[in-house]
Amino acid sequence: QVQLVESGGGLVQAGGSLRLSCAASGLSFSRYGMGWFRQAPGKEREFVAAISWSGGSISYADSVKGRFTISTDNAKNTVYLQMNSLTPEDTAVYYCAVTPRTTALSLEIRYDYWGQGTQVTVSS
């Protein structure tokens, strides 16, 4: 029943910015966390950022700290990822995910539901 839909991906030049959105529907749990992960060609999916509703905690992968910002609109069950100073190393399919848990949100295994992904391509 839970559905996550990502949007906002595209092609940008190095140094540019994009804002990804993830709209969630069908959520029935009162507390949850949401996160962003990405997967580049030939690589495993990796953690990018996460945010917890109940605790208000935020975490980022070291590779994106200072460049990416995760935020939410709780009333709309939407999570955003503002990506600045993009480099070709950021090229990947970006996925959002949701979990009824609120801790250890950097761990992929904690998430139960995933979106379809949105492509981000950064040219040099």
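The values are calculated or read from the model by the stated rules, or taken from the named source; none is laboratory data. Model, not experiment: these values are computed from the prediction. Here Cβ is always computed from backbone atoms with ideal geometry, including for glycine, and neighbour counts include all displayed protein chains. Ligands, DNA and RNA are excluded from the accessible area calculation, which covers all protein heavy atoms including side chains. Shrake-Rupley method; radii C 1.70, N 1.55, O 1.52, S 1.80 Å.
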Worksheet item: Taking segment 1-17 only, how many residues are open to solvent by 30 Å² or more (accessible area, probe 1.4 Å) and in contact with a strand residue (DSSP E or B) (Cβ under 8 Å, 6 or more places away or on another chain)?
Response: 10
Worksheet item: Among the strands (runs of 3 or more DSSP E) confined wholly to segment 9-56, which include 3 or more residues that are in contact (Cβ under 8 Å) with a residue 60 or more places away in the chain?
Response: 10-13, 18-25, 33-39
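If you take the residues of segment 24-44 that are surrounded by fewer than 17 Cβ atoms within 10 Å (Cβ to Cβ) and touching a strand residue (DSSP E or B) at 6+ places or on another chain (Cβ under 6 Å), which of them is nearest to Ala104 (Cα to Cα)? Outline the logic, then answer.
Initially, segment 24-44 is screened for residues surrounded by fewer than 17 Cβ atoms within 10 Å (Cβ to Cβ), giving 25-31, 39-44.
Among the residues that remain, those that are also touching a strand residue (DSSP E or B) at 6+ places or on another chain (Cβ under 6 Å) are: 25-26, 39-40.
Numbers: Ser25: 23, Gly26: 23, Gln39: 20, Ala40: 23 Å.
Residue satisfying both the conditions and the ranking: Gln39.
Only one of Asp73, Asp62 is open to solvent by less than 60 Å² (accessible area, probe 1.4 Å) and either in contact with a helix residue (DSSP H, G or I) (Cβ under 9 Å, 6 or more places away or on another chain) or not small (Gly, Ala, Ser) (or both); which? Steps first, please.
On the way: Asp62 fails: open to solvent by less than 60 Å² (accessible area, probe 1.4 Å).
It is Asp73.
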Worksheet item: Take the residues of segment 18-69 that are touching a Gly at 6+ places or on another chain (Cβ under 6 Å) and of a type in the set (Ser, Thr, Tyr): which is farthest from Asp112 (Cα to Cα)?
Response: Ser21
Worksheet item: In segment 26-61, which residues are within 16 Å of the chain's Cα centre (by Cα) and more than 14 Å from Thr72 (Cβ to Cβ)?
Response: Phe37, Arg38, Gln39, Ala40, Glu44, Arg45, Glu46, Phe47, Val48, Tyr60, Ala61
